[in-house]
Amino acid sequence: MTKPEKRLRCEIMKTNELREAYLKFFESKNCVRRPSDVLVPQDDPTVLFTPAGMNQFKNQFLGIGQLDFTRATTCQKCLRTGDIGNVGVTAYHHTFFEMLGNFSFGDYFKREAIHWAWEFLTDSNWLGLKPERLTVTVYLDDEEAAGIWHNEIGLPLDRITREDERENFWPAEAPSKGPDGVCGPCSEIYYHPPGGGKEVEIWNLVFTQFNRVGDPPDNLRPLPKKNIDTGMGLERTAAVLQGVESNYEIDILRPLCENVGEILETSYQFDGKTGRAIRRITDHARACTFAIHEGVSPGSKEESYIIRLLLRRAFLEGYLLGQKQPFVYQVVPAIVDMMSQPYPELKQTLANVQDTIRAEEENFLGTIERGLGKFEKLVEVAKSSNRKSLPGKEVFDLHQTDGFILDLTFSLAADQGLSIDMEGFRAAETKHKTDSGKGISWGVMAAGPLDELQKSQGETKFLAYEGVTSEAVVVGLIQNGETVESVNHVDLPVDVILNQSPFYAESGGQVGDVGVIRSSRGEIEILDTQKHAGLIVHRGRLTSGEVHLNDSVTAEVDAVKRAGIRRAHSATHLLHHALHQVLGEHATQRGSKVEDDHLRFDFSHGAAVSPDELLKIEDIVNERISEGVPVSTNFMDLKDAKKLGAMALFGEKYPDRVRVVEMGDFSRELCGGTHLDNTGQVGLCRIESEENVAAGVRRIVASTGKKAIERIRNQEGLLKEVATQLKTPQFQELPRKVTQLQEELKTLKQQLDQFTKASVAGSVDDMLKNAEQVGDARVICETLQGVDRETLREYADQLRKQSGSVAILLGADIDGKVALLAAVSKDLVKKGVKAGDCIREAAKVVGGGGGGRPDLAEAGGKDTTKIVDALERGKAVYSEMIAKGAS
RNA sequence: GGGGACGUAGCUCAAUUGGGAGAGCACCUGCUUUGCAAGCAGGGGGUUGUCGGUUCGAGCCCGAUCGUCUCCA
């Protein structure tokens, strides 16, 4: 048993020392020290970010999955945004924080959990906190916990408080409100600082001992194996040990606040005017650094959106303090420096994290600028109508369509001496929330039929590396979310679980296999394969006969598609290698999708990949293919693989034993996918496109093997078709031919235009001569042949130019429909002669409608035989209007 | 997953009720001038993202689709 050297009382424990001491202490209690889980859990659809230390052990708490150990201790990176409004305001709120935890899976229980917590907190070899500064809470009727605290620890009764299910149950209010599943009472430990400051909760011990089934009463059933889940806030406890009032004053956060202060050219004071803003920036920047390190870029979906929000809020705090340029990215080096002792890997992505943050800041500045125009219009309207506040509906509109965060609008409006109609804003917000759909509610920890199967049958034996077919036994059938004994309805979807399977379940970007499962009496077509807690789930539909539980079957993967997937997957590794060669080491994988001879690869890179670079990348990939180097796979310890320099993804969780895929001496990656034996089998790899997917992330789409060839053929086919149509059999002549045709077309259009004008000019004189004199004005009503609407306008223009006071109405038959156009010279318009009024009357005659401006109007109709009548009617209207205007 | 907005010249944007597709900047030519955003005159540049519908007529209205931005979960 190892203990840290006894510290002198006056020495203050550093945060890094606290983290280490905690893990060491629980190692001394035979807990296995596990690394922090990733911040963005891959296999947990119920959360966007890891919210607590126990998250990575959910399955163990449910009794699913094999265990190498029954006691564990961790320091877990966590991210929560529920209380984001309090960040920087209160002493203890963060979005990103670390949680120290110790866990028991059916091993030790309340007695040990309580005793050890007390020992760690008060023993002078560990934290050495004064016992009289600590109080605890327990759940109302948890006599067991209260007894241990009072009788065994010796805590006086007046320092043990009983709290209800809202405070001291996990999940909160679970007994009465649910959800169903694993739950239990908890006991919290509070520290009371000297000097009478507010007490702070530093440790929560959760005793998960029940399974909730339905509503009360009698809905809490004891679990056969009881668990312990405890969480101690690292930053809070460090603040206690360091005797400071706020988490933001501890040794790993205070320097960051000061750094932010320097960047904003103001000095950071805890109680200063800018203190709150700086703490927020510090917190959000820290959260974003970790998340982006793991590959989450700011975006508009899910966790990406949360990161965008955090980043924008951080930036906005600075913006409102007068910092109008990107600055949050400048905080990153100090953050990485502060956090690199426990998380040295942060250094490797520093540059990329900075680039990504900077890009997002610039992006947001653009958004602000765009919205500013709209905002100014709102201000103008409000001021001109003598209002003191901006309408809430409009402000919300600015928020939801232009990303103008309320704080920003608020501050800008205040500069103009305006407030915001908050009632209207809230109303619009509520409406938007209902419009965009109700939230999905999911159980925190409830086991489904798959989990039951996993418990009773264990994991599916995985045979995908060995081949594409195997004998197997049906151990589970699930239809409509329930286990069934057999399936016999052809075409209905069904999930099949086998004792062993050659099907590869979707993972690591590689799609699930498709194929068929056959028994002597039925057949199921498998359309997709997924993984669930060690089970391989074959998702398909019954195509014939029936299939029963315990049937012997042959599982057969579609070998042609599998071969295409192997080509695409090996090509993905070649592409990764080529990207490093051409763009640099920073161009690391951020995600991928590997399908049948088709692949999508996302990677870090700040700018668009130039066409030249793309060619180089494609060349390198195909060189490696033509070299035909062997591909080998080996299992080894994660530590050894990392020593060998195998490429791993940040934000990806790896088991202790990993599979390493090597190609020649140039590529070595941690990968569980199915690969070729030799790179030459890829055949051919063609890059199809390169695009931007998120800030700092580019995507390359490529095809391999048969699809690469298909694609080339298709494009060639298109070229041939175009060449035939253009009568230019030589492909290289095509661009010239197209240019030539375009110019010809342009010249012809211009010529036609000139001819039209000339011919119009020629007939205008005649039309003027035929004009009818009405008072001082002339009225011209004529039918034209073989003209279009454009030409009608040309006539009207020329007639108006060459005549003084004139009212014109022209009619023509265009494509079997009537087209009418009326025009009136300006002086007549002033006298009340309106083209629009005339044409509406005329249009009625030909069974149509129309309108326009007083000086020019257009109309149409259907009855071409009545054009002359329409013109007559128009002439009458004109005459009437002119007469009225003259009087 | 869902809601909202936008898409017009190389760029930034305008176009009243559905009625002639425009401005500024940039570009080209000519003249003037040769010192810090030069001036003047002239000119080129458009399938209004794409497809369909309504209408005599659609940049504008309706539907679909693609793309961009944005909000909610």
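The values are calculated or read from the model by the stated rules, or taken from the named source; none is laboratory data. As the structure is a computational prediction, the values presented were derived from the model and not from experiment. FYI the Cβ positions are ideal-geometry reconstructions off the backbone, even for glycines, and counts take in every protein chain you see. Note: accessible area is taken over every heavy atom of the protein model, side chains too, but ligands, DNA and RNA are not part of it. Shrake-Rupley method; radii C 1.70, N 1.55, O 1.52, S 1.80 Å.
Under the classification rounded if a/c is under 1.5, otherwise prolate if a/b is larger than b/c and oblate if not, where does chain A fall, given a ≥ b ≥ c as square roots of the Cα gyration tensor eigenvalues? Since a/c reaches 1.5 and a/b is larger than b/c, the shape of chain A is classed as prolate. Segment A:803-858 and segment A:172-209 have Cα centres separated by 82 Å. Short-range pairs are left out: with C-alpha atoms under 8 Å and at least six residues apart, the relative contact order of chain A is 7 percent. Placing a label point 7 Å from the Cα of A:Gln581 along the Cα-to-Cβ direction, the residues of segment A:601-627 whose backbone N falls under 11 Å of that point are A:616-627.
Considering only alpha-carbon pairs that sit under 8 angstrom and 6 or more positions apart, the relative contact order computed for segment A:683-822 is 14 percent. Ranking A:Thr74, A:Ala413, A:Gln242 by how far each Cα lies toward the positive end of the dipole of chain A (charges on Cβ) leaves A:Ala413 at the top.
Of all DSSP beta bridges confined to segment A:708-841, the antiparallel ones make up roughly 60%.
In whole angstrom, note down how far apart the Cα centers of segment A:228-302 and segment A:719-766 are. Here the answer is 67 Å between Cα centres.
Per residue, chain A reaches -12500 deg cm²/dmol at 222 nm when only DSSP H runs of four or more residues are counted, each adding -39500 (n - 2.57). Applying a threshold of 23 Å to the alpha-carbon distances of A:Lys593/A:Lys707; A:Lys77/A:Lys347; A:Lys77/A:Lys324 flags A:Lys77/A:Lys324 as lying beyond it. With all protein chains kept in place, the per residue accessible area of chain A amounts to 48 square angstrom at a probe of 1.4 angstrom. The label point for A:Lys461 and the one for A:Leu768, both projected 7 Å from the Cα toward the Cβ, are 10.3 nm apart.
Here the gap between A:Lys737 and A:Ser436, fully extended at 0.36 nm per residue and compared with their Cα-Cα distance, gives a gain of 103.2 nm. Counting only heavy atoms of the protein chains and using a 1.4 Å probe, A:Lys324 has close to 100 Å² of accessible surface.
Positive end of the dipole of segment A:506-640 (Cβ unit charges, origin at the Cα centre): among A:Gly564, A:Gly606, A:Ile625, the Cα lying farthest that way belongs to A:Gly564.
Take the Cβ atoms of A:Leu406 and A:Glu167, set R0 to 30 Å, and the FRET efficiency comes out at 0.40.
The long axis of helix A:110-122 is offset from the longest Cα principal axis of chain A by roughly 90 degrees. Could you tell me whether segment A:571-693 comes out rounded, prolate or oblate from its Cα gyration tensor? Rule is a ≥ b ≥ c as square roots of the eigenvalues, rounded for a/c under 1.5, then prolate if a/b exceeds b/c, otherwise oblate. Because a/c hits 1.5 or more and a/b fails to exceed b/c, segment A:571-693 counts as oblate. What shape does segment A:672-733 have by the C-alpha gyration tensor, where a ≥ b ≥ c are the square roots of the eigenvalues, rounded means a/c under 1.5, and otherwise prolate means a/b greater than b/c and oblate the rest? Oblate, since a/c reaches 1.5 and b/c is not below a/b. Converting phi to 3J(HN,Hα) with the Karplus coefficients 6.51, -1.76 and 1.60 and the offset θ = phi - 60°, segment A:560-577 yields 5, 5, 4, 4, x, 5, 4, 4, 5, 5, 5, 5, 4, 5, 5, 5, 4, 4 Hz in sequence order, with x at every glycine or proline.
Cross-link pairs exceeding 32 Å between alpha carbons, from the set A:Lys29/A:Lys58; A:Lys24/A:Lys643; A:Lys377/A:Lys830; A:Lys198/A:Lys273; A:Lys706/A:Lys746: A:Lys377/A:Lys830; A:Lys706/A:Lys746. In a simple Cβ point-charge model (Lys, Arg +1; Asp, Glu -1; nothing else charged), segment A:240-282 has a dipole of about 200 debye relative to its Cα centre.
When you restrict to C-alpha pairs under 8 Å that are six or more residues apart and normalise by the size of segment A:480-579, the relative contact order lands at 30 percent.
Counting heavy atoms of the protein chains alone, A:Arg711 has an accessible area of about 70 Å² for a 1.4 Å probe. Computed with every protein chain present, the accessible area of A:Arg426 is close to 110 Å² [probe 1.4 Å].
Residues whose amide H falls under 5 Å from that of A:Ile64, counting only those 5 or more places apart or on a different chain, are absent, with hydrogens built in the peptide plane. Ordered by solvent-accessible area of protein heavy atoms (1.4 Å probe), largest first, the residues A:Glu423, A:Glu585, A:Glu362 come out as A:Glu423, A:Glu585, A:Glu362. Computing FRET efficiency as 1/(1 + (r/R0)^6) for A:Ser384 and A:Lys324, where r is the C-beta to C-beta distance and R0 is 30 Å, gives about 0.60. Using the Cβ-Cβ distance between A:Asp158 and A:Arg111 with R0 set to 25 Å, the FRET efficiency from 1/(1 + (r/R0)^6) comes to roughly 0.65. The distance from the alpha carbon centre of segment A:466-515 to that of segment A:773-788 is 81 Å, rounded to a whole number. Please report, as a whole percent, how much of the solvent-accessible surface of chain A comes from carbon and sulfur atoms (probe radius 1.4 Å). Result for chain A: 48 percent of the exposed heavy-atom area is carbon or sulfur.
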